[in-house]
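**Student:** Can you read through this structure? Questions will come right after.
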Number of protein chains: 2
Amino acid sequence: MDPRIREHAEIIVDHSTDVQQGDNVVISAPSVAEDLAVALHEAVGDRGATPVYLASDSRAGRAYLKAIDDEDIETPTHLQALYEESDALLRVRSETNATEQGDVDPETQSTYTKARRPVQEVALSKRWCLTQFPSPASAQLAGMSTEGYENFVWDAINKDWDAQREHQARMVDILDPADEIHIKSGDTTDVRMSVDGMHTINDYGENNLPGGEVFTAPVVDSVEGEVLFDKPLYHQGREITGAHLVFEDGEVVEHSADQHEDLLTEVLNTDDGASRLGELGIGMNRDIDRFTYNMLFDEKMGDTVHMAIGRAYDDTVGEDREANQSAVHLDMIVDMSEDSFIEVDGEVVQRDGRFRFEDGFEE
Amino acid sequence: MDPRIREHAEIIVDHSTDVQQGDNVVISAPSVAEDLAVALHEAVGDRGATPVYLASDSRAGRAYLKAIDDEDIETPTHLQALYEESDALLRVRSETNATEQGDVDPETQSTYTKARRPVQEVALSKRWCLTQFPSPASAQLAGMSTEGYENFVWDAINKDWDAQREHQARMVDILDPADEIHIKSGDTTDVRMSVDGMHTINDYGENNLPGGEVFTAPVVDSVEGEVLFDKPLYHQGREITGAHLVFEDGEVVEHSADQHEDLLTEVLNTDDGASRLGELGIGMNRDIDRFTYNMLFDEKMGDTVHMAIGRAYDDTVGEDREANQSAVHLDMIVDMSEDSFIEVDGEVVQRDGRFRFEDGFEE
């Protein structure tokens, strides 16, 4: 086994989720990531914890979704019971065919997502980590060779997360006490929102591996302006390109996309919260140096910001603030590398992808 | 997909476990059996039920068992919670490497089996089916080509189970009201036991697929004599050959084996019930015409009997009878094709592999 796989497993179990003796652990992975699943079982056993191994299989998921009537889709209460009795959830993503579920009806998918929401609530209340294993099909999605993609993934994951935490803390110090954020990129993105009373989280590889962003939640009705999400957006096996959203009083009042606009519409119509922002994130992982059509990596790039429609993470929402509720959480990215800036309370903190506290920042 | 896979899935879901709209279903399968898992998800979705997909992975299981200290092995209470909230458990076995767990310490394996016993109790209280998918390594274990083994498996499984039920009912009618059973084969097996007050079950492909046996439980302290189990016995990735047991007052007082006697000893020492018989079974599936080193098939052959040390199945034990309790249930087979007979209350009901109600039976 590639020694980087065992290193990856150790980071998940120790740094990301702090697995301890006596913990009940769920390991969820597709079969193409079996090597990492094996290394995780070894690491979990070594720490005296007890694993259950869930298969994550896009062919099986598709077969179920194509066969079931929408009105029969129910919350998997047995899965919920499993999660409730667990301490840590380790979820490995990897592709065998990234477009496997591309012919599932978006409405069915949306009904399914809604039905699973109570399960998702339980999952988010546990120690959890979502990570990526580099399969050939994942490499193909990124347009890379398998070996090149392996290097990319493990360079971004098997790193010094304490140093990364310190780098990001400087941005947290700016964003956490802030009120108004103004983001502008070219002629297509010009949006303002308040983060007053919200908390900014430093993501250094705990819930997401790789980590490498700071993120917070907009005040629900404060978002005003328009955004063109000009970077790859893959959802349910389909690529939405050129997604454009116009916000008024925090709500999406106009939307369009160059490709798969119907899917975007479906997502926005999932529930009330699906047409409002739940997250503003700022990518800060400089080891991620290219887009790979994988949000787990793309949103962490150093010269991007991302906004998610749908659910806000509880720990980003201030005690006296409303948390946006939704069954969906869809991240979308804006390229900030050229002709762009982020202003916080009237002061420019990032220009053309460089942060105020980094070399190369232009006043 | 081979159409026999969908047929197999339909039999599991309809005939074996009667999956209904609203059921919570657990599908457990190794990745090499993905095609059947996909067909099961389709069948389960089609009936309006909700699946959870558990990976069954011998490499991952081995990694955990090699890494954990025996004293840290605990009951997976999260898995137990999953099962408790389920209606039907569909378990697919298939091999990628049948000897994958051959280097796990038998004592560790035994501790693990004991820790999982409460989970097993819950599983047995549900509608459940254990079946086999024909992988290349499973074919190798049987000493067959992959295609030859596929034909063997699906011939034994995709069949008319109503006709099989009727064939077996004739043996149930003999065994159910009986008291003393006497089994003799050559000079090496000569054993007597009472089944007075016990129930005989007709296995026609519900809990086991293939089915094809009738089975009951011996009165716990009634077993007297000796048995040489002269047919293949695979346990925890190791083959035990020439297992020989001597019973007094129902208990194993002497044992030996030509190969892996240590493993046999370990199993017998698991707990009190592990050195007593929990099952007497009579194979009756004439479509299974060869040994394949797989108990699910071997024990169903028409000219064999099998006895299991350990746990008795609840539904075989009469209301006023003691049920043998144990964390183990290990089936072992006696060849009855030559120089052999089964006597029930003094009357020969099988001689040299032919039943009294079959053509070719010699009075």
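**Student:** Which pairs do you get when a residue that is in a helix (DSSP H, G or I), found in region B:109-123, comes within reach of a residue that is among the charged types (D, E, K, R), reach meaning Cβ atoms under 8 angstrom, with the pair 6+ apart or on two chains?
**Tutor:** Listed by first residue and then by second, the contacts come to B:Gln109/B:Glu266; B:Ser110/B:Glu266; B:Thr111/B:Asp70; B:Lys114/B:Asp271; B:Ala115/B:Glu74; B:Val122/B:Glu84.
**Student:** Also: Of the residues that sit in region B:74-104 and are within 13 Å of chain A (Cβ to nearest Cβ) and among the acidic types (Asp, Glu), which one is nearest to B:Glu10 (Cα to Cα)?
**Tutor:** Once the filter is applied, the top-ranked residue is B:Asp87.
**Student:** Quick one: count up the residues across region B:136-170 that are outside any helix (DSSP H, G or I) and under 19 Å from the mean Cα position of the chain (by Cα).
**Tutor:** Selection size over region B:136-170: 1.
**Student:** Name the one entry in A:Arg351, A:Arg356 that is touching a residue at least 40 places away in the same chain (Cβ under 8 Å), of a type in the set (Lys, Arg) and surrounded by fewer than 21 Cβ atoms within 10 Å (Cβ to Cβ).
**Tutor:** Selected residue: A:Arg356, the only one of A:Arg351, A:Arg356 that is touching a residue at least 40 places away in the same chain (Cβ under 8 Å), of a type in the set (Lys, Arg) and surrounded by fewer than 21 Cβ atoms within 10 Å (Cβ to Cβ).
**Student:** While we're looking at this one, here's another question. Where in region B:233-333 are there strands (runs of 3 or more DSSP E), lying wholly inside it, with at least 1 residues that are on the phi > 0 side of the Ramachandran plot, in contact (Cβ under 8 Å) with a residue 40 or more places away in the chain and among the small types (Gly, Ala, Ser)?
**Tutor:** Counting at least 1 such residues, we get B:304-310.
**Student:** For A:Asp103, are the conditions met, namely being assigned to a helix (DSSP H, G or I), farther than 19 Å from B:Asp57 by Cβ, in contact with a helix residue (DSSP H, G or I) (Cβ under 9 Å, 6 or more places away or on another chain) and of a type in the set (Asp, Glu)?
**Tutor:** Against the criterion (assigned to a helix (DSSP H, G or I), farther than 19 Å from B:Asp57 by Cβ, in contact with a helix residue (DSSP H, G or I) (Cβ under 9 Å, 6 or more places away or on another chain) and of a type in the set (Asp, Glu)), A:Asp103 does not qualify.
**Student:** A further question follows. Go over the candidates A:Asp314, A:Asp287 one by one and state the one that is surrounded by fewer than 24 Cβ atoms within 10 Å (Cβ to Cβ) and over 16 Å from A:Phe355 (Cβ atoms).
**Tutor:** After applying the criteria, what remains is A:Asp314.
**Student:** Just the residues that are small (Gly, Ala, Ser) and more than 7 Å from chain A (Cβ to nearest Cβ), please, taken from region B:26-38.
**Tutor:** Listed by number, the residues that qualify are B:Ser28, B:Ala29, B:Ala33.
**Student:** Go through (1) more than 7 Å from chain B (Cβ to nearest Cβ); (2) in a strand (DSSP E or B) for A:Pro51 and report which single condition fails.
**Tutor:** (1)
**Student:** Turning to a different aspect of this structure: Which of the residues belonging to region B:334-363 are of a type in the set (D, E, K, R) and not in a loop (DSSP other than H, G, I, E, B)?
**Tutor:** B:Asp335, B:Glu343, B:Glu347, B:Arg351, B:Arg354
**Student:** May I ask you to verify whether B:Thr75 is of a type in the set (S, T, N, Q), surrounded by fewer than 20 Cβ atoms within 10 Å (Cβ to Cβ) and touching a residue at least 24 places away in the same chain (Cβ under 8 Å)?
**Tutor:** yes
**Student:** Have a look at A:Ala63, A:Ala67, A:Ala43 and point out the one that is facing chain B (nearest Cβ under 7 Å), at negative phi, modelled with pLDDT of 95 or more and surrounded by 21 or more Cβ atoms within 10 Å (Cβ to Cβ).
**Tutor:** A:Ala63
**Student:** Every residue in region A:249-274 that is modelled with pLDDT of 95 or more, more than 19 Å from A:Lys231 (Cα to Cα) and touching a Gly at 6+ places or on another chain (Cβ under 9 Å), please.
**Tutor:** Of everything in region A:249-274, those that are modelled with pLDDT of 95 or more, more than 19 Å from A:Lys231 (Cα to Cα) and touching a Gly at 6+ places or on another chain (Cβ under 9 Å) turn out to be A:Gly273, A:Ala274.
**Student:** Right, A:Val38: within 30 Å of B:Glu42 (Cβ to Cβ), surrounded by 18 or more Cβ atoms within 10 Å (Cβ to Cβ), in contact (Cβ under 8 Å) with a residue 12 or more places away in the chain and out of contact with any His (no Cβ under 7 Å at 6 or more places or on another chain) or not?
**Tutor:** Spelling it out, A:Val38 is indeed within 30 Å of B:Glu42 (Cβ to Cβ), surrounded by 18 or more Cβ atoms within 10 Å (Cβ to Cβ), in contact (Cβ under 8 Å) with a residue 12 or more places away in the chain and out of contact with any His (no Cβ under 7 Å at 6 or more places or on another chain).
**Student:** Something else: Exactly one condition in (1) among the acidic types (Asp, Glu); (2) more than 22 Å from the chain's Cα centre (by Cα); (3) within 30 Å of B:Glu71 (Cβ to Cβ) is false for A:Asp69; which is it?
**Tutor:** Only one criterion is unmet by A:Asp69, namely (3).
**Student:** So for region B:129-146 (the condition being closer than 18 Å to A:Val52 by Cβ and either in contact with a helix residue (DSSP H, G or I) (Cβ under 9 Å, 6 or more places away or on another chain) or modelled with pLDDT of 95 or more (or both)), does at least one residue qualify?
**Tutor:** No, there is no match, as no residue in region B:129-146 is closer than 18 Å to A:Val52 by Cβ and either in contact with a helix residue (DSSP H, G or I) (Cβ under 9 Å, 6 or more places away or on another chain) or modelled with pLDDT of 95 or more (or both).
**Student:** For region B:92-119, give me each residue that is under 28 Å from B:Gln21 (Cβ atoms) and either at pLDDT below 95 or surrounded by fewer than 18 Cβ atoms within 10 Å (Cβ to Cβ) (or both).
**Tutor:** B:Arg93 - this is the single residue of region B:92-119 that is under 28 Å from B:Gln21 (Cβ atoms) and either at pLDDT below 95 or surrounded by fewer than 18 Cβ atoms within 10 Å (Cβ to Cβ) (or both).
**Student:** Applying the selection to region B:164-197, what residues are closer than 20 Å to B:Glu213 by Cβ and free of Cβ contacts under 8 Å to residues at least 12 places away in the same chain?
**Tutor:** B:Glu166, B:Asp173, B:Pro177 - these are the residues of region B:164-197 that are closer than 20 Å to B:Glu213 by Cβ and free of Cβ contacts under 8 Å to residues at least 12 places away in the same chain.
**Student:** Considering only residues that are closer than 14 Å to B:Gln120 by Cβ and either assigned to a helix (DSSP H, G or I) or outside the structural domain of B:Asp18 (by TED's automatic domain parsing) (or both), which ones fall in region B:65-86?
**Tutor:** Once the filter is applied, which keeps residues that are closer than 14 Å to B:Gln120 by Cβ and either assigned to a helix (DSSP H, G or I) or outside the structural domain of B:Asp18 (by TED's automatic domain parsing) (or both), region B:65-86 yields B:Thr77, B:Leu79, B:Gln80, B:Leu82, B:Tyr83, B:Glu84.
**Student:** With over 18 Å from the mean Cα position of the chain (by Cα), modelled with pLDDT of 95 or more and not hydroxyl-bearing (Ser, Thr, Tyr) as the only criterion, which of A:Leu228, A:Leu280 stands out?
**Tutor:** Result of the check over A:Leu228, A:Leu280: A:Leu228.
**Student:** Which of the residues belonging to region A:1-37 are more than 30 Å from B:Asp35 (Cβ to Cβ) and of a type in the set (D, E, K, R)?
**Tutor:** Across region A:1-37, the qualifying residues are A:Arg4, A:Arg6, A:Glu7, A:Glu10, A:Asp14, A:Asp18, A:Asp23.
**Student:** Next question, about the same structure. B:Val191 - would you say it is part of a strand (DSSP E or B), buried (at least 22 other Cβ atoms within 10 Å of the Cβ) and at negative phi?
**Tutor:** yes
**Student:** Let me ask another. Have a look at B:Asp2, B:Asp18 and point out the one that is more than 25 Å from the chain's Cα centre (by Cα), more than 8 Å from every other protein chain (Cβ to nearest Cβ) and touching a residue at least 60 places away in the same chain (Cβ under 8 Å).
**Tutor:** None of the other options fit; the residue is B:Asp2.
**Student:** On the basis of being under 18 Å from B:Leu79 (Cα atoms), polar (S, T, N, Q) and touching a residue at least 60 places away in the same chain (Cβ under 8 Å), does A:Ser86 make the cut?
**Tutor:** Against the criterion (under 18 Å from B:Leu79 (Cα atoms), polar (S, T, N, Q) and touching a residue at least 60 places away in the same chain (Cβ under 8 Å)), A:Ser86 qualifies.
The values are calculated or read from the model by the stated rules, or taken from the named source; none is laboratory data. Everything numeric in this text was worked out from a predicted model, so none of it was measured. Counting neighbours? That spans all protein chains shown, and the Cβs are built from the backbone with ideal geometry, glycine included.
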